[in-house]
Each structure stands twice: as C-alpha cells, then as structure tokens.
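Just below is one structure, and these are the notes that go with it.
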Amino acid sequence: MKEQTLHAAEAGSPPGGLREGVRRAFLRHEWLRAYTLVSPTLILLIVAMAAPIGVLVGLSLWTQSGMEFDRTLTLANYETFFGKKIYPLVLWRSIQISALVAFATVLLAYPLAYFIAFHVQRHKMVWLILITLPFWTSYLLRVFAWKLILGYNGVVNSGLTTLGLIEQPLEFILYNVTAVVITLAHAWAAFAILPIYVSLEKIDRSLIDAAHDLGEGPVMTFLRVTLPLSMPGVIAATLLVFIPTVGDYVTPKLVGGTTGIMIGNLIQSAFGRGANWPMGAAIAVISMLMVTLAVCVFLGGVKGLKKLLA
Amino acid sequence: MPDEAFISILDVSKHFGPVKAVDRVSINIAQGEFFALLGPSGCGKTTLLRMLAGFEAPTLGEIYIDDQPTASMPPYQRPVNMVFQNYAIFPHLNVYQNIAFGLRKEKLSRSDLDARVNEALALIKLEGYGTRGANELSGGQRQRVALARALIKRPKVLLLDEPLGALDKKLREQMQIELRQLQKSVGITFVFVTHDQEEALTMSDRIAVMSEGHVLEIGSPEGLYERPRTRFVADFIGTMNFFEGRVRAREGGKIAVDAERVGEVQVPADDYDFNAGDTVVVALRPENIRMRPGRPDLTANMAHGTMSNAAYLGDRAHIYVQTEGSEQPILVAMQNLDGAASSATHGERSVALQWSEQAVLLLRPE
Ligand SMILES: Nc1ncnc2c1ncn2[C@@H]1O[C@H](COP(=O)(O)OP(=O)(O)OP(=O)(O)O)[C@@H](O)[C@H]1O
Ligand SMILES: [Mg+2]
C-alpha cells in the first residue's frame, strides 16, 4: 500500500496505462472495492426494487376512470383510503394478525431452537433438516392441509366427535382469525427456528456457566444472559415472519373467512376484479409505510426493553 | 497435609466416555490457602476446577466444601466463584454491569451498589471504566474485570483457571504479586490452575502436580523443587539433568552410584532406601553444577567435558557440556556475576564439572 503510493509519487503524472491506474485506485480506495463487490446486487436492487416502488407510487397518484387511467396527479386514492372505514380497519387488523402470527411463531420456535442448540449433542443437522421438511411440499398444499384439519368435518372435529367429547362440530376453528394464525404460524416455523437457532448456537457456554457461578438459577440466567444474547435471532425471526405475513392473501382467502380478511386481499381485488389499479397501488404504498412504521416501533420497543433489563 | 481441611476432594474421578480426565484424585486444602494445580495441557486441571465449581459432577468420589457435601449443590448455591480460562465476560453488558451481575440477589440500594462496584473497580485499577463495553477491553483488562466480578461476591473460595495466561510477561509478574497480596488481605482460599511452573512456584503455598488425570505429588514450592519424588515432577518443575545409574555400594553413610556420563556419584544415604544393585536415576539441577576450565583428575561427583553450545540469557547463561562417548549434553546454568556468563560462553572449551553431595537427587526409575 505504502510502496504503491511512493511509486505513484515517483512516476509523476503519466500513469502506467489504464489498467495500472485502475489497479492503483483499487488498492488505494477501500470503498471502491466494496462497491465493486456489491455492484451486481446493487444493480438488481435498483432495477427490481426501487424502480417498481417508484412506478407504484406514481401509479397511486393517478385515478381510474372507466378503462383508462386519469393521469392528473392527485391524492384522491389516499383520501378514499382514509375516508372509507373499511381500509384502515383491515390494514390495522392485518398488522394485528401479523404481529400475533409473528409472536406465536417465535414463541413456538424458541423452545425448539433452544432444544436443538443446547440439548441435542449429535446429528444437529438431521434435526434441522427434519424441521424444514414441511417446506418441501408446496405452500398451497400446506394451507389446504390445514383446511382439512380444521374444517367442519375435518380431522379435529371428527376426531373429537368420535371420542364423544363434543356433540356438534366446532365452528370457531375455521374461517376466522384463529385459523389464519395457526396456518401461518405453521407455515413460517422454519423461518423463525433457523435464525433463533443460529443465535443460540453462537452463545459461548462459559457465559451461562458464569451466570450460574455468580448465583443465578436457570430462570434468571435465561432472562439475563441467554435471552439478551439470542435477541438478534429473535428480532430477525420476528421480522422475517411479520413482514411477509402482512402482505399475504392466499391463507386469509382459503381459511380466513370474512373476519380473517387481510390487506393483501384488498390489494389483490383492486388489481383483479375491482380493476382499480391506482387504488390498489395506493393501498400497497400505505401498507408498506405502515409496516415500516410497525417495524420501527418494534425495534424501538426492543431497545427500550434491553435498557430496562440491563 | 493441613490438619483442618476446608476443601476435601476425596478419591474423585471424572470420566468423559473412555477418557479419564480426572482419575482418583484426593486433595485437602486449608482455609486461606493459596493452592495451585499445576500440570501440562490436558491433564485435567480445568475439569477438577469445574467439579469444585459444580459445573461437572464427579463420576466417582465426593467433594466437601466447608464441611458440606456438594453432590446435590448446584453451582449457584456454592460458596465459590470462578475466574474462567477465557474470562467469560458478558458481551452484552458493560464493565459496571458485568461486575455488578452477581449482586442482584443482595438487593442493594443504588448508592450501596455504586459503592461496592466502585470499590471493586478501584481494586483492579480500572476506575472510570464502568461504562466501557465488554468488547472495548484489552486482554489484561478483561481478566481483571473477571476477577472483580468474582471477588465482589465475597466467596469463601475463589477458583482461578489460568487467569494470567493471556497477559504479557511484565503485566503477568505484576498481577502475580497483586493477586498474592490480594489473597492475603481478603483471606479467601484460592485454588489456582496454571501450566506455568514458575507462576506456581512464585505464588502458591502448596502445589499439586498433575499428569494425565492423576495427582503425582503435593507439596510446598521449595519441597517440590528441591526434593521431588518422581521423575515427572523433577522434570516438569524447573530444569533437570537426568542420568541413569546403578547403586554400587551402600557404606559409611554414603550411597555410591555408577551413572552414565558422570561416572561415580556419592550421595548421603540417610534420605534413601536404595541398596546395592538397584537401578536409580540421578537428578541434578543445572544451577548446582560448578564449571571450571581445565582437566583435573576425577574423583566422585565430578565429570569432564567440552562445551558444545551456550545460550546467553542475560542474568545467566545455559551452557551445554558434552561428555565423552555421549550425544546428550549436560546442562549447566551459570549466574552472570560480574559478566562471568558472557566470558564463560567464549572461554576455554575443555571443562571440569563438579557438584556437592547434597545437590544430588536419587529417583526411582519409572
Ligand atoms: N466435555 C468434555 N468431553 C470430553 N472430553 C473432555 C471434556 N472436557 C475435557 N475433556 C478431556 O479431558 C481431559 C482434561 O481436560 P481439561 O480441560 O481438564 O485439561 P486442562 O488440564 O485444563 O488443560 P489446559 O491446560 O489445556 O486447559 C482432556 O483430555 C480433554 O480432552
Ligand atoms: Mg484448562
């Protein structure tokens, strides 16, 4: 590096050809190397993410008139959104359901991840593969499977009836929020287990010994050492489940009934049967902003909690 | 053996599958003692310490601490604290929080807590470091935080697992003295693991030398250095020349041994029960051998040789002397008194070696 610089100073202004110049710039500037490394991803990100979002925002400022777009820029769609009670209500409920799904998934995933990280001595890989096994079947098949399990004449109801535990099939388990939460929590399980497992696996076991040594029993050791140190995994898992769930529309449609409707269903119908693309775009933009807001609130909450515990 | 044992390790073994990490160890440690476990890597020191702390249960045997059997006592109920081999500083907490970690149960007021932690910070000379993150500390600072974190609990026994391993020589020597002073002033029993024999010699009241899960010898630093009973201990603590030999006669209060390379060796007979014909190992410390130039006639406890190699170490020199008909040199250590070592390393090549009867140690061959 130093030699290189000295060389350059010696050589004066005429550089040793273009290749030499590029090479020298590379060696000298860390950021140049970094950007070159990420450039393929960066280009893809700009083309496939930033551009569509730009188009989406643009589209949301137009209006639909019959079969045509009215291209005057207006906030009319946004006014409609907040004017009609149904949109904010469904969006709010989507966020609630997603939060519930994320919470339930992480809560169920944590013990399993903990078990594999701390108590499985050999064949951890086998356990991890077994956990991802359900993902080898299609997402739709899994949702349909839940429909079969939870349905009016499904596995749960017929099982309980045969056992004589209930007389009438339970109706509250399908076509509502509960069914959506159960189905999605199952669908996302592996996405939650893996990051939590990784963060638990990374924890130095002597830290747990140290906490015991300093007088803390198993519960307080978990709360004061294991949980805070696995927080990155928990946060990653929560976001990995929460964000895609807000936009999901297949599961609510298949098992959610009327009370399980989510914002994704409204966007889908605006782009589909409703044939009001600008409105759909506006809903999408708002829900994106709301998800961002929710994530910020969540991260802020986690930060506050950390301060409180330490 | 101290008459009153504060820690009693009774015939304890720990097996990991086929590995006998600790094999039938019995040690008694007195209250307020500075006790060192010394041995090469993998000899079971950490395992023994972890059994004292309660992280591992003995496969066989029983450990008593302060007259309490410990078999059913989890680590968090034992009156012992540990400084871990890798320090185990909590990475998500700062220095203050790390040190205060063990005080939660004492339910101190904010000001009492501050006072205790600041006292501990002063003890380890890290005043003002309270808000530093755990990852912003040097190795030596981490070690001191680990020490403060354990000491603040005011345990009856402090277990230290090679706590000075990561420090440079100067800091290590300083910390050795500080630790020793600290131990005297707080009066806590220290059980100290190290594989550095010099460290064990400087710091401890007594040392247990371990090898492959066994305790070979327990004794004071002087005792182990000057009168080791096994070849392993003689070799592990300090440096030692060994010569295979056979007892020729036992008469007139002397044992006469014919040894390879050094010829006849005479030793006072009182200390040994060897008889004529026994094979023995003659052990001789390099610093107990006097060297002078020339080739005088040989009597007992003398040898001839030529200097083959010399290592100048500043305060002393290590000189390798080759005897006739042998590949293996004899190591002689020479104090650098008025530059004696530096002139010796350049001096006469043919030399005579001599030592006193008291300097010779006879060991049973293994
Ligand atoms: N959890 C374990 N499972 C299996 N074997 C183990 C376990 N812990 C230690 N051992 C084995 O027991 C023996 C003693 O290990 P120990 O850690 O006590 O050595 P040590 O004397 O502390 O060594 P060092 O000076 O390198 O720290 C080693 O052979 C080690 O491989
Ligand atoms: Mg060790």
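Each value in this text was obtained by applying a stated rule to the coordinates, not by laboratory testing. The structure displayed is predicted, hence computed values, not measured ones. Cβ: placed from backbone, ideal geometry, glycine included. Neighbour counts: every protein chain shown.
What's the FRET efficiency of A:LEU56 with A:VAL250 using the Cβ-Cβ distance as r and R₀ = 25 Å, to the nearest 0.05?
Numbers: r = 21 Å, r/R0 = 0.83.
After rounding, the FRET efficiency stands at 0.75.
Using a simple spin-label model with points 7 Å from Cα along the Cα→Cβ vector, what separation in nm is obtained for B:LEU108 and B:GLU222?
4.1 nm
Order these by the 10 Å Cβ neighbour count, fewest first: A:ARG93, A:ARG33. Show your work: numbers first, answer last.
Values: A:ARG93 16, A:ARG33 12.
If I rank by nearby Cβ atoms, fewest first, I get A:ARG33, A:ARG93.
Fewest to most neighbouring Cβ within 10 Å: what's the order for A:LEU308, B:LEU93, A:LEU75, B:LEU108?
A:LEU308, A:LEU75, B:LEU108, B:LEU93
Determine the shape class of region B:7-236: with a ≥ b ≥ c the square roots of the Cα gyration tensor eigenvalues, call it rounded for a/c under 1.5, and otherwise prolate if a/b is greater than b/c, oblate otherwise. Walk me through the numbers on the way to the answer.
Numbers: a/c = 1.93, a/b = 1.47, b/c = 1.32.
Prolate.
Below 8 Å, C-alpha to C-alpha, sequence gap of six or more: please give me the relative contact order for region B:7-236 in percent. Before the final figure, lay out the partial values.
Details: 417 pairs, mean separation 65.8, N = 230.
Dividing the mean separation by the residue count of region B:7-236 yields 29 percent.
Using Cα positions and a limit of under 16 Å, work out the aspartates and glutamates in reach of B:LYS105, with same-chain residues fewer than 8 apart set aside.
A:ASP213, A:GLU216, B:ASP114
Among the aspartates and glutamates, select those whose C-alpha is under 18 Å from the C-alpha of B:LYS254, and discard any that sit fewer than 8 residues away in the same chain.
B:GLU264, B:ASP270, B:ASP271, B:ASP273, B:ASP278, B:GLU357
Along the positive direction of the dipole of chain B (beta-carbon charges: Lys, Arg +1; Asp, Glu -1; about the Cα centre), which of B:ILE63, B:GLN97, B:GLY245 reaches farthest?
Going by the charge dipole, the pick is B:GLN97.
Rounded if a/c is under 1.5, else prolate if a/b is larger than b/c, else oblate: which is region A:155-310, with a ≥ b ≥ c the root eigenvalues of its Cα gyration tensor?
Values: a/c = 3.18, a/b = 1.43, b/c = 2.22.
Since a/c reaches 1.5 but b/c is at least a/b, the shape of region A:155-310 is classed as oblate.
Tell me whether chain A comes out rounded, prolate or oblate; compute the Cα gyration tensor, take square roots of the eigenvalues as a ≥ b ≥ c, and use a/c under 1.5 as the rounded threshold.
Details: a/c = 2.31, a/b = 1.20, b/c = 1.92.
Oblate is the answer for chain A, as a/c is 1.5 or above yet b/c matches or exceeds a/b.
Hey, rough spin-label estimate for A:ARG93 and A:THR137, points 7 angstrom out along Cα→Cβ, what's it come to in nanometres?
It is 2.9 nm.
Counting only complete DSSP H runs, which helices of chain A cover 27 Å or more along their long axis at the Cα atoms and score a mean Kyte-Doolittle of 1.6 or above? Numbers along the way, then the final one.
Working: long enough: A:86-118 (47 Å, 1.65); A:177-201 (34 Å, 1.70); A:227-247 (30 Å, 1.78); A:277-309 (47 Å, 1.63).
Membrane-span-like by this criterion, though nothing is claimed about a membrane: A:86-118, A:177-201, A:227-247, A:277-309.
Between A:LYS202 and A:LEU37, what length in nm is gained on full extension when 0.36 nm per residue of separation is reduced by their alpha carbon distance? Could the numbers behind the result be given before it?
Values: separation 165, 0.36 × 165 = 59.40 nm, distance 2.73 nm.
56.7 nm is the gain from fully extending A:LYS202 to A:LEU37.
Per residue of B:67-79, what is the mean number of Cβ atoms on other protein chains within 10 angstrom of that residue's Cβ?
Working: counts 0, 0, 0, 0, 0, 0, 0, 3, 9, 10, 3, 3, 0.
Per residue, the number of nearby Cβ atoms from other chains is 2 on average.
Just need the relative contact order of region A:109-254 here, percent rounded to a whole number, with Cα pairs under 8 Å and 6+ apart.
Details: 115 pairs, mean separation 43.4, N = 146.
The value is 30 percent.
Using a simple spin-label model with points 7 Å from Cα along the Cα→Cβ vector, what separation in nm is obtained for B:ASN288 and A:HIS29?
7.3 nm
Ignoring everything except DSSP H segments at least 4 long, calculate the 222 nm mean residue ellipticity for chain B; use -39,500 (n - 2.57) per segment, divide by total residues, nearest 500.
Value at 222 nm, helices only, nearest 500: -6500 deg cm²/dmol.
Provide the FRET efficiency to the nearest 0.05 for the A:ILE86-A:TRP127 pair, computing r from the beta carbons and using R0 = 41 Å. Can you show the working numbers first?
Values: r = 45 Å, r/R0 = 1.10.
Result of the calculation: an efficiency of 0.35.
Listing B:CYS43, A:CYS296 from the residue with the fewest other Cβ atoms within 10 Å to the one with the most, what is the order?
On the way: B:CYS43 22, A:CYS296 10.
Sorted ascending by nearby Cβ count, the order is A:CYS296, B:CYS43.
In terms of Cα to Cα distance under 20 Å, which lysines are near enough to B:LYS170, apart from those fewer than 8 places away along the same chain?
Of all the lysines, those that pass the test against B:LYS170 - Cα under 20 Å, at least 8 places apart if same chain - are B:LYS125.
So, R0 is 30 Å and r is the distance between the beta-carbons of B:TYR64 and B:ASP196; what FRET efficiency does that work out to, to 0.05? Before the final figure, lay out each step's value.
On the way: r = 29 Å, r/R0 = 0.96.
E(calc), rounded to 0.05, equals 0.55.
Which angle between 0 and 90 degrees, to the nearest 10, do you get for helix B:169-186 versus the longest principal axis of chain B when only C-alpha atoms count?
60 degrees
Set the bar at 32 Å for Cα to Cα. Now go through B:LYS107/B:LYS156; A:LYS202/B:LYS153; B:LYS45/B:LYS107 and name every pair that lies beyond it. Mind showing how you got there, number by number?
Values: B:LYS107/B:LYS156 20 Å; A:LYS202/B:LYS153 28 Å; B:LYS45/B:LYS107 35 Å.
Going by Cα-Cα distance, B:LYS45/B:LYS107 fall outside the 32 Å limit.
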